[in-house]
Every structure is written in C-alpha cells, then in structure tokens.
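Throughout, read-outs are computed from the coordinates displayed, never taken from laboratory work. Values in this document were obtained by computation on a predicted structure and should not be read as measured data. Using ideal geometry, Cβ is built from the backbone for each residue, glycine included, and neighbour counts are taken over all protein chains shown.
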Amino acid sequence: MGRVVRWVCVVMMLVTSTLASSLAAPAWACGCGAYIPNRAGASVSTERALIAWDGTTEDIVMAFSVSGSSERAAWVMPVPSAAEVSLGNPEAFDELVRLTAPRVEYRDDWRPSFDWLTTAGSAETMAGAPPGAGVNVLGRQRIGPFDVTRLAANDPAVLANWLSDNGFPSPDGLEQNLAPYVADRWELVAIKLAPAEATGTLTGQLQPLTLTFTSDRVIYPMRLSRSAKLPQTVDLYVLADHRMDPSAVPVARDKPALEFAGRLDATTAAPPLQPYLAKGEFLTRWSNSLAQPDLIDGDYVFSQADTDTPYQDVVYVTRDRGAITGLILVVALGLGAVTLAIVVASRRRRSTSHLPSA
C-alpha cells in the first residue's frame, strides 16, 4: 500500500577503466596507481581507501574489487618514505560503510490517494627483482597474493623503463607523472598480484593491502591517475585525532564532498577498526568525482580543520500516507451520506404523518 522512496548510500568508490585488448595495451585504472590484469575484460570495479594518521605515521589501506578474472595483475603506488607492506582486514571497510551511512529521516505525505480502491496494494519495501640501471631495488617480499617490490630512482625515465621491462604498467605519460615523485625522492611500491593457488584467478574482492610510512602530513597520491581514460571517483576515509579537511586537491575546480565527520569510540568500535583507531578516533569521509583525469596536477593533502564540527548526510524518505487520508475521506463521505439519508427519510416520515386522513 503506497509508495516508499528507497535511497541507497553508495560506499567510497573508485570507478576504473576496462582493458580493451591485452596487457600490451593497458588502461590506466586506479586513483592511487595502476591495476593492470593480464587478461582483457578484467578491471577494478571498486577501490576503497582508509587513511589513518597519528601525526608522524600514515597507513593507507587499499581494497580492490575486481570484475572479470585474470591469472596475474600489477599495481604501482608512490609513497613519500620507506613503506612497510602488510595485509589488511576487509571487514574494516564494512564497518566504515555502516558508521558513515546517512541518517534517515522520514517525511509523511498526507495528500489523499485512492489507488487502494483499484489495486491490491502491492507495497514496495526498503530494503628480489633484478635492478635496472639507475633503479635501486630496496626490497622484495611475498604477502598473500601480493609480490611487493620497493623501488627508488633519480630519473623518472629510467624508473618508467624499469617498470615496463619488468611487466608493470607503462601507459602514455608515465614518465611525466612519475617525475614529481622522483624529484621529491619518493619511493615506489610496485606490486604484482597472483592467486594463492597456481590454478586460481584474481576476481571479486581481493585481500586489502596496507602501506605504512612516515609522513608529516596526510597525503593520498593521485598524479598517476592523470593518464586515466575514464572519469575517476575517489572515496576516502581519514582517521586522525581531529577532523581532516582537504588543503590540496588533484583538480582545483573539482572540490571533494564531505560525507561524514564524527568522533568514534575506540572502546565500542568493532574489532576490525581497532588497529587503525590507535592512530586517531576522529573519522572524516570525503568523496570526489574527477570528470577529466588529464587535469590532475597534484595529490590529496588533508589538514586539521579549525573545529571538529561533526557532519552526517541526511536521506529524506517520504512515506505515502495518502491511503490513510483517502480512507478517512471515504469513511467520512460514507457517514455523511448515511446521515443525509437518515435525515431525508425522517423528514419524509414526518411529512407523511401530517397528511390529512381520507
């Protein structure tokens, strides 16, 4: 009976491009770097990032959801200092989505409707790699399905060539996009992904990966997405001691949208979030749509806001109460008709009783 408007909150997501042919002609895929499968048709459909910062150390937890399947894939990401790489807990993102979901407020529409008179009233329900010349291989490790290599170089062209020679993505413009990071002496985390089983494939939700490094500011690298072929959607969760607002963005004209800001309670938070809440208990969520990735000229940088003002989106759901109003009107009209009939009949009886007898 009636209609209910259903709103669905779309979690932090990063929309990526799909490969048209093979690894020889890759499409630049991820906001923070590149995910390149070895089979056409496989791509990252969703990328979520949690950033936790305690003032000196930053964690970036990345979670990929892959559509299609491939036997191997590669991913690269720049970081400002030496990074420790470990596996993350996928349940942390489920909890983040729950905590930052919009608050639902109901509005009642009492305008009368009479659909129930003609229909059955079906209700809708809410429901150790060889180093190339000029490239320093700082370390290599195997973590779950990830083969991780840490690199440093003084020349972006040499670094780009090393990546290409070793099976990592090499889209047009890679050298230019790497240049600012090389100039600032950043490292590059180059990751190859393979299934745990030799006969398996990479598909669906992949194990999250955590990068931990020293940083005096909250930063999320984006310059490598300048070569993206499709619009990018970035969804970031930032945990720190205070609310964190963007002080620099990849595209000046595309401002991120605040989705949530609020202090969490480490004593009551779900276990998957406990390790990250040790760095800070104030959660800020930002989303950003980049319609023209070629305009990207920087990274996300977050700074402490002037105040820890909380914020939560509100979704207004209109509940159709018109059937109730319509029923009341029908009952009232019915009672009125009955009353009128009684009055008319009573008057007729009185009129008849006063007629002279023959």
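Under a 5 Å amide H cut-off, with hydrogens placed 1.01 Å from N, T57 pairs with S215 among residues at least 5 apart or on other chains. Summarising the label geometry, the points placed 7 Å from Cα in the beta-carbon direction at K229 and I342 lie 7.8 nm from one another.
Here the Karplus relation 6.51 cos²θ - 1.76 cosθ + 1.60, evaluated at θ = phi - 60°, turns the backbone of region 281-286 into coupling constants of 10, 9, 9, 10, 10, 10 Hz, with x for every Gly and Pro. Computed packing ranks the peptides 328-340, 216-228 as 216-228, 328-340, most packed first, by mean other Cβ atoms within 10 Å. Sorting 148-154, 270-276 by average packing, meaning the other beta carbons within 10 Å per residue, from highest down gives 148-154, 270-276. A simple spin-label model places the labels of T267 and T57 2.5 nm from each other, with each point 7 Å out along Cα-to-Cβ.
For region 157-311, the Kirkwood estimate of hydrodynamic radius, built from reciprocal distances between every pair of different alpha carbons, is 17.9 Å.
For the peptides 241-253, 76-88, residues were scored by their other Cβ atoms within 10 Å and the scores averaged per peptide; the highest-first order is 76-88, 241-253.
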